Amino acid sequence: MSKLIISVSGLRGIVGETLTPDIACRFVASFAASIPPGPIVVGRDGRTTGPMLGAAIMAALNACGRDVIDAGVAATPTIGVLVRERSAAGGVQISASHNPPPYNGIKLFGSSGRVLDAESGARIRDGYFNGTAAWCAFDEIGSTHRDNDPHVGHLEKVLATIDVDLVRKQAFSVLIDSNHGAGGILGKRLLESLGCDVEAVGAEPTGLFAHVPEPTADNLTGVASRVAGSKCVIGFCQDPDADRLALIDENGRYIGEEATLALCVTRAMMVGRTDGPIVINGATSSMSGIVAKQHGVETLRSSVGEANVADMMIANQASYGGEGNGGPIDPAVGYVRDSFVGMAQVLDLMARTGKPLSQLADELPQLAIYKEKAEISVEQLPAIFQRLLEHFSDAQAQTGDGLRLQWDDCWLLVRGSNTEPIVRLIAEAETEAKAKAMCDVAAGLLNP
């Protein structure tokens, strides 16, 4: 049986095995006990187990004396915006991101509309293990009401970041693949508001995924062929909770998730978003940093994880940020990875430059990332890091989130996963062969 993964960012497990209504209720009861008074927004992606978990979670929050704003099916970044728009004390998103159908999970938001920081998340996690709850008396039970349009505020904030009229004049033909997750509702609405001729695939949030939910090249071969065959100028591919975006160009070529952030940074620099640094995590491609440097903008690297990126962005008044898994973070919209920001701003970039996506992608710094993973006990990591430091003594080393080794033209990251009992090895270089060779050497040093 797979273990329930509980971290500072929430929990994730297999429904009916490691994740039950009882666990979900106790987890959100700890959440309710640790945040200020006020209503709590609850949303979910399209998974078939979402309605059941949603009913249990909303009942538990009511039992803690909390009024609940039921957003129904909504994307993760939409929940972040909605928390702020409705002056809520926090938010609960029911989603397992790109995990397979048997999984579901819970992601928590604070009153600022961002995913909880590590300190707050640790307090709730510890409260769950300690049985902390805020159950109330019979005459203090909260109520639940459905939000009539949870998407409109998010839509307006995304549109405000681009030149809407310029994009509308292009009348782009686009394809959006939401894979029956949460992204199709707002995604189609956004693209139609931008004057696009939209071919929507998997727009209905049934949770019955048409392909493996993580938006990688191997999982999107059918979608890529469809983009090329339909003469669309771009294909937008979301993960189930729509905080990640992969791109396919007009020729059916998978541009990927790393390029999503790099193109958004390119556009941000182009429109003068240069009054602060950009923030990316230690596993994100250097493409975005190279683009920023060309405009005199500093790049800061945080630990892996959306909350860590957001923390560093806020602390340094960053102009832009995100993670290389297809998650741009625009402070003008919210400190949450956002596929809708990516769609709108890439279309804006295409409209401003008059260039097709294939050309824009080819003009990015050409780097290759290679990734491996191995089942290694976390207790072995200190010894592994020491062996790596001794072997790669010419590298600039950074610790705190695994071990990151940086050279002038390449880097290697070895870290324990936050969501799986594995160690990840990630390298980037000018060629995939060189990046793979770095990972192979590191893999050979995992065991003495």
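The values are calculated or read from the model by the stated rules, or taken from the named source; none is laboratory data. These figures come from a predicted structure and were not determined experimentally. Reconstructed Cβ throughout: ideal geometry from the backbone, glycine too, with neighbour counts over all protein chains shown.
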Checking Ala88 against (1) in a helix (DSSP H, G or I); (2) farther than 30 Å from Val271 by Cβ, which single condition isn't satisfied? (1)
Residue pairs meeting the criteria (Cβ under 8 Å; at least 6 apart or on separate chains; first aromatic (Phe, Trp, Tyr), in region 129-152; second assigned to a helix (DSSP H, G or I)): Trp135/Ala29; Trp135/Ala63
Only one of (1) within 21 Å of Thr48 (Cβ to Cβ); (2) in contact with an Asp or Glu (Cβ under 8 Å, 6 or more places away or on another chain); (3) surrounded by fewer than 24 Cβ atoms within 10 Å (Cβ to Cβ); (4) in contact (Cβ under 8 Å) with a residue 60 or more places away in the chain does not apply to Phe172, and that is (1)
Condition test on Leu194, is it crowded, with 16+ Cβ neighbours inside 10 Å, hydrophobic (A, V, I, L, M, F, W, C) and assigned by TED's automatic domain parsing to the domain that holds Leu247? yes
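Each row is one residue, and each column tells you yes or no for (1) crowded, with 23+ Cβ neighbours inside 10 Å; (2) over 21 Å from Leu425 (Cβ atoms).
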{"residue": "Asp275", "(1), (2)": "no, yes"}
{"residue": "Ile278", "(1), (2)": "yes, yes"}
{"residue": "Gly289", "(1), (2)": "no, no"}
{"residue": "Glu306", "(1), (2)": "yes, yes"}
{"residue": "Gly326", "(1), (2)": "yes, no"}
Any idea which of (1) within 22 Å of Val8 (Cβ to Cβ); (2) crowded, with 24+ Cβ neighbours inside 10 Å is the one Asn130 doesn't satisfy? (2)
Pick from Pro77, Pro51: which is without any contact (Cβ under 8 Å) to a residue 12 or more places away in the chain and under 17 Å from Ile185 (Cβ atoms)? Pro51
Return yes when Val291 is over 24 Å from Leu82 (Cα atoms) and assigned to a loop (DSSP other than H, G, I, E, B) and no when it is not. no
How many residues of region 336-373 are among the aromatic types (Phe, Trp, Tyr) and under 30 Å from Met438 (Cβ atoms)? The answer is 1
When only residues in region 385-416 that are in a loop (DSSP other than H, G, I, E, B) and in contact with a Ser or Thr (Cβ under 8 Å, 6 or more places away or on another chain) count, which is modelled with the highest pLDDT? Asp401
Scan (1) of a type outside the set (D, E, K, R); (2) in contact (Cβ under 8 Å) with a residue 24 or more places away in the chain; (3) surrounded by fewer than 19 Cβ atoms within 10 Å (Cβ to Cβ); (4) not in a loop (DSSP other than H, G, I, E, B) for the single condition Asn104 breaks and write down its number. (3)
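Among the listed residues Glu199, Glu214, identify the single one that is assigned by TED's automatic domain parsing to the domain that holds Ala246, over 21 Å from Gly327 (Cα atoms) and surrounded by 15 or more Cβ atoms within 10 Å (Cβ to Cβ).
Glu199
Can you name every one of the strands (runs of 3 or more DSSP E) wholly within region 1-80 that holds 3 or more residues which are farther than 22 Å from Asp149 by Cβ?
Ranges flagged: 5-7, 10-14.
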Starting from residues that are without any contact (Cβ under 8 Å) to a residue 40 or more places away in the chain and over 30 Å from Gln93 (Cα atoms), keep the ones in region 237-270 and report whichever is surrounded by the most Cβ atoms within 10 Å (Cβ to Cβ). Met269
Identify all residues within region 337-371 that are buried (at least 16 other Cβ atoms within 10 Å of the Cβ) and over 21 Å from Asp197 (Cβ atoms); write none if there are none. Arg337, Asp338, Val341, Ala361, Leu364, Leu367, Ala368, Ile369, Tyr370
